[in-house]
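In what follows, a single structure is set out as structure tokens and then discussed.
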Amino acid sequence: MDLDPNTNKLIVTLAGLQGSLVRNLVQISQRSMLKIMESDTRWLASAWLLLLLLCHLVLSAPMEHQVNEGSAPEWKRFFVSQRTALVNDSTKLFCKVKGKPRPFIEWFKNGEALADGKRVRITKFALEVMNTQLSDAGEYACRASNQHGVLWGNMTLRVIKDMDDATPPFEYDNNFNTDPFSSVSREPVWSRFKDRATYISGSATKTVELDCDVRGYPEPNIIWYKVDGGKLSLLDLTKSKYVSNNRWKLKIDGLALEDKGQYMCVVANIVGAINWTFTVDVLQRLPLAPIVDWIDNQTAIEGDTVRFTCKIILSDSQPFLQWFQHYKVNDSYVDEKGTPNVKLLQQSGYRKTIDDPQNLVLRNVSRKDEGWYTCLVTNTIGINYKSAYLIVTTEEAAADLPNKNMTASSQFCHGSLMVITTMVIAAQAYQG
């Protein structure tokens, strides 16, 4: 091992002191032994011999080990010499080293020292550039040092704006063949062994997630493409609809028809590369008018509380719900023009909005509340409605309820025609 001149001088000095000390101990031992022989004290002679042996063992220890504890900085893993980043994205440059004591790391760009700033953050082994701009491109370097040596790592950062000119950032420096983990290097493999999805569908305006989770060493890079007519084009991850909140997963927010198609992830390291293609389908919502459940007729005693429920089973878009009460004028539910006589009780939206518009609650009912009630539901596609009849009676007349119910059923057939007219009037008001 080559040592600097100062270290050589120190070793020679210590070796001289060692030799001098050993000679002195030998002389002292010889004089002591003469006295011991004269006094014939055998146990004292054994003690002196043991002391002489211990001193010899301590002083003869390797000087090189005492002088050179620790190690110079060296690479902990493969070193990435080139990186490519997109404008408005973020990227990390790594300088993963080891040494004893732990090396101190400094970062430079085009020869100028870097420090933590608004868009630059220095961590334990990395330099992170956030909200990357074209001006961030250039030559970067990390300097790892301790008292045993200095190690430099040089890297180039490219910042691209035009997706068509981009190339995958898969360049690795092969000059570092001293990686202690090189024996376990392997190409990327899928992390999950179950069947991987090839077809993913989602409704318009919803979100889908593409998963390309892998394992491999060195840590692979990933890049996403859109496949159009067999031609690959780099996916523009600067668009807000693409969310990469996990290194291996890509979310597509706010699905639209133009998002249909094939997407490919390419994952690679110095050992190999794999890819996977997803087919994304965007499902359009069904163009349906509201589907409304049946409403039962009811019978109540004066003073009771009555609840009618208009349950909307399905609606393509936000439904608009209205409750009407029909009444007679001159014993007719319609006027001379055929317009129904109705009273708007409540509706969803506007001033008469209530917390639960699907429920119509009539409290302390009386005979004047008896009659037809209609729930009218509209959306941008069409209209639907359901009607029910309320009978209000006294406790004394409860025995006649079966006959009353028969009357109500016959009136429903007559009332259905005027409900249709009401539906058209309400729909015109809603669309206007």
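The values are calculated or read from the model by the stated rules, or taken from the named source; none is laboratory data. Predicted, not measured: the structure shown is a model, and the values here were computed from it. Heads up, the Cβs are rebuilt from the backbone with ideal geometry, glycines too, and the neighbour counts pull from every protein chain shown. In case anyone asks, the SASA skips ligands and DNA or RNA and just uses the protein heavy atoms, side chains included. Shrake-Rupley method; radii C 1.70, N 1.55, O 1.52, S 1.80 Å.
Find the residue count for segment 83-127, including only residues that are at pLDDT below 90, open to solvent by less than 70 Å² (accessible area, probe 1.4 Å) and of a type outside the set (A, V, I, L, M).
12
Which numbered condition trips up Asp281, out of (1) touching an Asp or Glu at 6+ places or on another chain (Cβ under 9 Å); (2) farther than 30 Å from Glu370 by Cβ; (3) not hydrophobic (A, V, I, L, M, F, W, C)?
(1)
Among the residues of segment 202-223, what is the count of those that are at pLDDT 85 or above, open to solvent by 30 Å² or more (accessible area, probe 1.4 Å) and in a strand (DSSP E or B)?
Adding up the residues that qualify gives 3.
Could you tell me which residue of segment 134-175 is modelled with the highest pLDDT, considering only residues that are of a type in the set (Phe, Trp, Tyr) and open to solvent by less than 70 Å² (accessible area, probe 1.4 Å)?
By that ranking, first place goes to Tyr140.
Among the residues of segment 225-264 satisfying the criterion of being of a type in the set (A, V, I, L, M, F, W, C) and not in a strand (DSSP E or B), which is farthest from Asn131 (Cα to Cα)?
Leu257
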